[in-house]
1. Which GluC sites (Glu not before Pro) in the stretch 290-387 pass both tests, a DSSP loop state and at most 15 other beta-carbon atoms within 10 Å?
2. Rounded to a whole number, what % of the accessible area of the stretch 394-437 do carbon and sulfur atoms account for, probe 1.4 Å?
3. Give me the percent of DSSP beta bridges within the stretch 27-110 that run antiparallel, rounded to the nearest 5.
4. Can you compute the helix-only [θ] at 222 nm over the chain? Use -39500 (n - 2.57) per DSSP H run of at least 4 residues, normalise by all residues, nearest 500 deg cm²/dmol.
5. Mind checking which lysines have their C-alpha under 23 Å from Lys476, skipping anything on the same chain fewer than 8 residues away?
6. Please list 184-195, 45-56, 574-585 highest first by mean number of surrounding beta-carbon atoms within 10 Å per residue.
7. Calculated from the structure, log10 I(q)/I(0) by the Debye sum over Cα atoms at q = 0.07, 0.11 Å⁻¹ equals which of (1) -0.57, -1.27; (2) -0.64, -1.22; (3) -0.56, -1.46?
8. Classify the stretch 452-578 as rounded, prolate or oblate from the Cα gyration tensor: take a ≥ b ≥ c as the square roots of its eigenvalues, call it rounded if a/c is under 1.5, otherwise prolate when a/b beats b/c and oblate if not.
Amino acid sequence: IHATGFNYQNEDEKVTLSFPSTLQTGTGTLKIDFVGELNDKMKGFYRSKYTTPSGEVRYAAVTQFEATDARRAFPCWDEPAIKATFDISLVVPKDRVALSNMNVIDRKPYPDDENVVEVKFARTPVMSTYLVAFVVGEYDFVETRSKDGVCVRVYTPVGKAEQGKFALEVAAKTLPFYKDYFNVPYPLPKIDLIAIADFAAGKEWWTHLWLNEGFASWIEYLCVDHCFPEYDIWTQFVSADYTRAQELDALDNSHPIEVSVGHPSEVDEIFDAISYSKGASVIRMLHDYIGDKDFKKGMNMYLTKFQQKNAATEDLWESLENASGKPIAAVMNTWTKQMGFPLIYVEAEQVEDDRLLRLSQRKFCASGPYVGEDCPQWMVPITISTSEDPNQAKLKVLMDKPEMNVILKNVKPDQWVKLNLGTVGFYRTQYSSTMLESLLPGIRDLSLPPVDRLGLQNDLFSLARAGIISTVEVLKVMEAFVNEPNYTVWSDLSCNLGILSTLLSHTDFYEEIQEFVKDVFSPIGERLGWDPKPGEGHLDALLRGLVLGKLGKAGHKTTLEEARRRFKDHVEGKQILSADLRSPVYLTVLKHGDGTTLDIMLKLHKQADMQEEKNRIERVLGATLSPELIQKVLTFALSEEVRPQDTVSVIGGVAGGSKHGRKAAWKFIKDNWEELYNRYQGGFLISRLIKLSVEGFAVDKMAGEVKAFFESHPAPSAERTIQQCCENILLNAAWLKRDAESIHQYLLQRKASPPTA
């Protein structure tokens, strides 16, 4: 029966087919001829630009369907709940590699053209449309078999197969790990991993997606920890995901992890740190609360039951509840269905040989203590450790009411007590001043584990930002980190000092905070030096780069001189800088350099053959200080030299580089809005661009200006980001008014009588 009508509903991305007579109920086959565009939007079936070793520009054809873009490649019921098997054939030039989800089962000449072949792939298992993928291009590959016999390949640009070795080794280790963990085998005959030049990573879809993505984010860390225990990856998780999610989730413009999505255009908006990072964090908390053994058991029950079906969040809670006997659904609903998280206030009292703790919870808000009627409540799994054994929970309790008292047996008066062992619970802690005081030696002598030192400092910083404590208290705690050896702890502290530094660039004592930065970082800088020591791990190399960059940026005299010397040798080809030192050296010489320095950097960018080096240079260009050079960098950001998805980090770098850069970047975005918006349209890069360029402002009227600009230049997919940015600008302004004077006084008084180590 031939269809007689096609009615396109473009807004809803739908087409309705009408037939001349009523179709019989039952099974049928729908055959559609269609034509699509190999687009440039980095979604659907799109073309990705690459350069051959000889310098010729060519295109590969690749797909990115998550969340709702399979429909750009072929007509389909493009929703995760509607699953099917897929038989895919690709007709491609015969000198190109063609890949899809399954293995190739047939390759035959194409009748009309001898330069083309038809490649046929095996039928997929039952799956959602967004998982379908195909790639056509020029690639080399390395291959191995996992110990379960799955063929694993990593495809790389031509001539770069060597660079795929590490990815290959890791992939071959991870497949058996997941098989053992879930007790479910990998369902396909092969797995291909591929590095693609132009790729805007997945967007999110639908209400239960947070579970898919949050779970994936969490288990990636679990797997890395299994394969590379020396990476100390959970400390990195806290710094990269947990604290980032808490920053967003403390805003009034946050949203619950579970959001119901009405229209495809809203999907991009929910794609943010809440869905991924808070999702992963609450799953980490859940795993800790249940215990690994019961968690695995529950996961296996769930996966076996829903292998071919669509599942909702509640189904997972039910399986985990059956496996553990704990009230999982009741606990988790407080974390996924309402936004935000609690601040736990704790004070202690010694009662003979025991320690009595009084705990209370309130919603934590970036703008200060929660005011308003019915304060939301959480069911909080709480762990408590003491100096007797800082790595072990002395007590675990579920806090299911606004206030509760807890007695710790046999705790001596001189022992400290800490909440949230391992920084696993998704809450912030505010200690009474005596409890906090007693924890400081645990930071100095490193008896507190790294992830607890990080969490303590991060909690205090956000409490200061919210005006619950004074920023001066945090500066005092930061000074206790003089002996800190851990990269991730430094990275978090450095990030927070950077935020404070940006805030104080609005004052006339910006130099004073630079002095503080130099004081905090110079002892560790001296210990590390410039050159790798025998037996170091990659985290030490990262730490060296971080510390030298911080000192160089702050204008630390000897660091600056050494950076200039090494940069000169690097440029002249006498002594090439190691990869870890390039960013800090580039940043330092640019910030304290002139037009010649910038020209040299742009030349290095042009000559770089590795994308990684180009990106490294793009990210530091914004350190340039003079107004005309800043303009030059901004113009460069939109030039052919920079890949579209990297323009954002160049502009963001300018905005984060200096006070003038911030104003210039914002003006540049307004002046070039049409071009930028057309480039990224609904993608997540537009949100990222806006966030990076305006979040450093700290004047009330800027929030109004940003809001007004986007009212007249709407960016629907970034709406929530814009609200969050405006809220942050107002919060910054309030923080500055509140604390600037006391910070200034503290820094002056420190200068007058330097602290004794």
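1. Sparse-neighbourhood loop GluC sites (Glu not before Pro): Glu352, Glu373.
2. 52
3. 90
4. Value at 222 nm, helices only: -14500 deg cm²/dmol.
5. Within reach: Lys418, Lys518, Lys550, Lys553, Lys737, Lys751.
6. 574-585, 184-195, 45-56
7. So the structure-derived entry is (3).
8. oblate
The values are calculated or read from the model by the stated rules, or taken from the named source; none is laboratory data. As the structure is a computational prediction, the values presented were derived from the model and not from experiment. We place every Cβ from the backbone using ideal geometry, glycine too, and count neighbours over all the protein chains shown. These area figures cover heavy atoms from the full protein model, side chains too; ligands, DNA and RNA do not enter into them. Shrake-Rupley method; radii C 1.70, N 1.55, O 1.52, S 1.80 Å.
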